[in-house]
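Okay, structure first, notes after.
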Amino acid sequence: TKKRSVACKVINVPRSNDADRLEKSFLKEIAAYAELSGAYILKTYGFTASRYGQGKRYMLIMEYMSRGSLSNLIQEKGDKISLRRKLDMAMNIASGIRKIHEHRMIHRDIRPDNILVNENYIAKIGDMGIARVADPLNQHTQIGCAPYMPPEFYRGTYDQKLDIFTFGLTLNELFTSKKHIFQMLANNKIVFQEESPIFSDLIARCTADDPKRRPTAIEIEKTLDLYITGFNEIILKKHPSYINLSTEDKNEIFIAFYQKFHPPATEFIRKKFPSEFLDNSENVPGVKVDKNAGNEIRIECPMQ
């Protein structure tokens, strides 16, 4: 056997009227992890069950994420993490949501507390215990963290676009290192303390009151990937010593890239998504996108 550190999630189910519900919830979490386990969903290795007094004790064996939750990471060193690295983590989360949605499921609680980060700053979605199959004909129970919930949550009927809303709030918190304000007495209004220096328009779309105006997970994933690829192709060649720079200098370079790259990239995405998002190599103003046989994309956006 390999020597590895693991995390253990323990739930004690005492003998009570609520025992069946707790047990079913835990077993559902195990099933969800088994179905979705992958690159950006927390890996589960197995579980144990044993007696606990007159009840049961379940232990879920999961991969260990040394940097803990994204929430703690933001609080402890959010300003010390470059925007480029944060973009990678945002991409990780979007990829995880896309996988959940491909399985016709809704996570229902995407937020920094439920995102875990490993030593290499790879972010993975955890707490699958309240994920459920998306059924447009059914009303869903109100499970989730109220300060992150969209308007339709309080009406009792929602779909996968709920996860997009909570992702938008998470994205703003990731890029600004500041939590939003939840005004419960003002019809559950959400106010950002600070606007993100990047992707503020994407965040606004994700957090639109009307779910139909929010993008899909695949659109978010492809959009973020476009910027990651563009930055790697353009900036890293121009600044080979980028990795050794201070976080402040890295962010200055990234914001300059973003401001130059964003207008033509936004227009390209608007015109080409979804059917031709990466399938058309036609030039658009300021951006050249080529797709090779390996499904990689090359982007040219000359920097002044």
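The values are calculated or read from the model by the stated rules, or taken from the named source; none is laboratory data. In this text, all values refer to a predicted model and were calculated from it rather than measured experimentally. As a convention, Cβ positions derive from the backbone with ideal geometry for all residues, glycine included, and neighbour counts pool all protein chains shown.
Structural remarks
- Residue list for segment 207-218, filter: more than 12 Å from the chain's Cα centre (by Cα) and within 15 Å of Gly96 (Cβ to Cβ): Thr216
- For first residues located in segment 232-257 and outside the structural domain of Lys86 (by TED's automatic domain parsing) and surrounded by 13 or more Cβ atoms within 10 Å (Cβ to Cβ), partners that are of a type in the set (D, E, K, R) and not in a helix (DSSP H, G or I) and lie 6+ apart or on another chain with Cβ distances below 8 Å form the pairs Glu233/Arg298; Glu233/Glu300; Ile234/Glu300.
- Within segment 47-81, restricting attention to residues that are over 24 Å from Phe165 (Cα atoms) and small (Gly, Ala, Ser), the residue that is surrounded by the fewest Cβ atoms within 10 Å (Cβ to Cβ) is Ser50.
- Count of segment 187-204 residues, restricted to those that are in a helix (DSSP H, G or I), more than 17 Å from Leu87 (Cβ to Cβ) and not small (Gly, Ala, Ser), is 0.
- Residue within segment 192-199 that is surrounded by fewer than 20 Cβ atoms within 10 Å (Cβ to Cβ), at pLDDT below 90 and assigned by TED's automatic domain parsing to the domain that holds Gly78 present: yes
- Test: residue in segment 221-231 that is at pLDDT 95 or above, in a loop (DSSP other than H, G, I, E, B) and either within 17 Å of the chain's Cα centre (by Cα) or outside the structural domain of Glu76 (by TED's automatic domain parsing) (or both): no
- Filter pass, Ala32 being among the aliphatic types (A, V, I, L, M), free of Cβ contacts under 8 Å to residues at least 60 places away in the same chain and either surrounded by 13 or more Cβ atoms within 10 Å (Cβ to Cβ) or more than 24 Å from Arg104 (Cβ to Cβ) (or both): no
- Here Thr166 clears all of (1) surrounded by 21 or more Cβ atoms within 10 Å (Cβ to Cβ); (2) polar (S, T, N, Q); (3) in a loop (DSSP other than H, G, I, E, B) except the condition numbered (3).
- Note on segment 32-55: among residues that are part of a strand (DSSP E or B) and of a type in the set (Phe, Trp, Tyr), the one that is modelled with the lowest pLDDT is Tyr52.
- Failed item, numbered, when Glu119 is tested on (1) in contact with a strand residue (DSSP E or B) (Cβ under 7 Å, 6 or more places away or on another chain); (2) in a loop (DSSP other than H, G, I, E, B): (1)
- Check on Ile93, part of a helix (DSSP H, G or I), touching a strand residue (DSSP E or B) at 6+ places or on another chain (Cβ under 6 Å) and either among the acidic types (Asp, Glu) or touching a residue at least 12 places away in the same chain (Cβ under 8 Å) (or both): yes
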